DNA sequence: GTGAAAGCGCTAACAA
DNA sequence: TTGTTAGCGCTTTCAC
């Protein structure tokens, strides 16, 4: 009967830890060729109903589980998307991940996540790692999209990628999904001005670690100038440490108590804002009674606090989901034909919102 | 139907999006056999110094990047570890992920992350997905380790896994890394008792979604009984919603204002504690002036708040790192020989700590 | 030390 | 509709 020279009667033991059955085993059990068995899973419409059923039944009985490795190697595409985010410990990115995972799941794509810690050296290393896995493309947030070594590398190697949060700078150079950082920051600061504040300061993470922070600062300057107010230089705090240092507290104290100290602080991200509010409280100041604080990001945690954080809201889930969708659109467009005009738009600008919260009030 | 020489045209340009060079190309450029070239990367000690250098140089010039897919398929092991966590939006798991990623990076292992959302159906689906990728093993946190369908499946298929946070229940059944939930919770509640509280209530997420919550509640009962106090039934709040519902607020109000209402609340996780504190404040109550609140988890965020959250601290980074290390130890032990006594211990109990914070004070 | 050869599990021409 | 046949890029005996 076995007119196959097949030397693959090895199925007694359990080769792979998970499960032994290969497509070949299934094909034999269903008395069809390997090709037909394959088609049942990848192109069911090419195979007759009852044949397909026989194969499926055999697969079920054998506990067959497709080995994606073989498929990927052969197909020269992995259907894996690499994701690089600065950290997950800032809820912004955790929320974004959720959007990405949801979208990938819906589209049958797999994900590989790495974190860069805002560290360019680590960015390079982690990207290399994703490349070795032959991801089809990437979704990433880099420190500074305009001067990023990894982005240059990716461009040189023609790896498709889409930026999340990084707002494209040079015209038409990158694909990106973001809110308008500058405009939205301006809108946020204008709520401060509308509340009566005139002396408004900015607290930010390191500009080098975040082009968004720079853009948001520019938005602050826009708002101030548009209202005839003088922008102040930003207070740059090092990456949010788990706990406050005395120096940080001292900086904040000076900012708000100097003669003519600021009455409102615009923090370029929510985690920072939460930390700043705590520092202010420890200094014996009330928020918003003595000082108003406005955040940026719109993480859900902000609403859990009391008073709830006033902040500029980005749609974090959606940023992730859209970035992934954009990438898949690129991948598909490239597959169909190489027409340069096909594929998704390079820029996806999502709307921001202002969440009123209760950490902003009139100046003391 | 168009013919297919187009494929050749594209492949001449750029075979793989990333890079074209295969190990075979490198071997030819270095005038060695494929086998030798391979050895340079996997078993350098088997090849002569100068040969190796030639190969390395050729690889550099060609911009060779090993295709892990080929290696994995051939070697029948992927060096990928699957990670399943309930969510990353709870900082506990984000911190744990950090530990896992660090440890994996150090050991040259890759990771594939999925989230289960505390949903058993989704757990199954996501596990299947990891299995298709032929991960060598898994690190996971399941809703309830004692009655988990996915764990049974994994056992049946002999896939090595290590639980993080889930504390092993049946003797010797699972491998796990955790603090002692019951003992640590008891210790936490005893700080409440030491502060003078007698009427202490528990606020928890759904027990069905977390065996940890159940164990921590048991610890609470232990503490109460040991001090001659009457344990109260837990107040179970649905999964932490982004914002508070009126019902939640009403439940909390009743808990603390009924005749002889509780003076302290033990929340079985930090996010819950943060939410509960906000609710109390909105009810016009002061923490810890009117009501004391104790959390559990020790997320870093807790220290950023004012007052800083009093909580039972788990070493989240280390739980992740240890879980991964334990898994790799299992994988290696299995590789060496199948001696049943080899390999890491099944249980890894990590020490907890109490972070005093400032949300616990004497009863009003 | 090095090379030749045989696949790992799967997909996709092409043929029947 | 189904089968045959080549590999995808790599590791790994086994000879030399």
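Quick note: the coordinates plus some simple rules give every number you see, no bench work behind them. What you are looking at is a predicted structure, and each value in this text was computed from that prediction instead of being measured. For neighbour counting, all protein chains shown are included, and Cβ atoms are generated from backbone atoms with ideal geometry for every residue, glycine included.
Over chain A, dividing the summed -39,500 (n - 2.57) contributions of all DSSP H runs of at least 4 residues by the number of residues returns a 222 nm mean residue ellipticity of -13500 deg cm²/dmol. Sorted from shortest to longest, the distances between the residue A:261 label points of this copy and the other copies are 3.5 nm, with each point 7 Å from Cα along the line through the beta carbon. Its residue count N sets the reference 2.2 N^0.38 Å, and the alpha-carbon radius of gyration of segment A:138-217 equals 1.31 times that reference. For chain A, the longest principal axis of the C-alpha atoms and the axis of helix A:246-257 are separated by about 50°. Distances between equivalent label points of residue B:180 across the copies, with each point positioned 7 Å along Cα→Cβ, amount to 6.0 nm, shortest listed first.
Expressed as a whole percent, how much of the Cα-Cα distance distribution for the protein assembly as shown exceeds 43 Å? Could the numbers behind the result be given before it?
Details: 89229 of 264628 pairs.
The answer is 34 percent, as a whole percent.
Angle, helix B:270-282 long axis vs. longest principal axis of chain B, Cα atoms, 0 to 90°, nearest 10? Roughly 40 degrees between the two axes. With its label point put 7 Å out from Cα toward Cβ, residue A:51 sits 4.8 nm from the same residue's point in the other copies, in order from shortest. If every alpha-carbon in segment B:181-314 counts as one equal scatterer, what log10 I(q)/I(0) does Debye give at q = 0.14, 0.22 1/Å? One equal scatterer on each Cα of segment B:181-314 leads to -0.54, -1.50.
Taking only the alpha-carbon positions of chain A and ignoring solvent, what does the Debye formula give for the base-10 log of I(q)/I(0) at q = 0.10 Å⁻¹? Those come out to -0.71, one per q.
Take each residue of peptide A:88-101, count the partner chain Cβ atoms within 10 Å of its Cβ, and average: the result is 4. Given their separation in residues at 0.36 nm each and the Cα-Cα distance between them, residue A:199 and residue A:119 gain 25.4 nm when the chain is fully extended.
With respect to chain B, whose longest principal axis is taken over its alpha-carbon atoms, helix B:120-132 is tilted by about 20°. Taking the convex hull of the alpha carbon positions in segment A:230-305 and averaging its projected area over all directions gives 5.4 nm². In terms of other Cβ atoms within 10 Å, B:24, A:224 run from fewest to most in the order B:24, A:224. Legend: ranking of residues B:176, A:97 from fewest to most surrounding C-beta atoms inside 10 Å; resulting order B:176, A:97.
Taken along the Cα-to-beta-carbon direction at a fixed 7 Å, the label points for residue B:206 and residue B:230 span 3.0 nm. The ranking of A:216, A:57, A:79, A:182 by Cβ neighbour count inside 10 Å, starting from the fewest, reads A:57, A:79, A:182, A:216.
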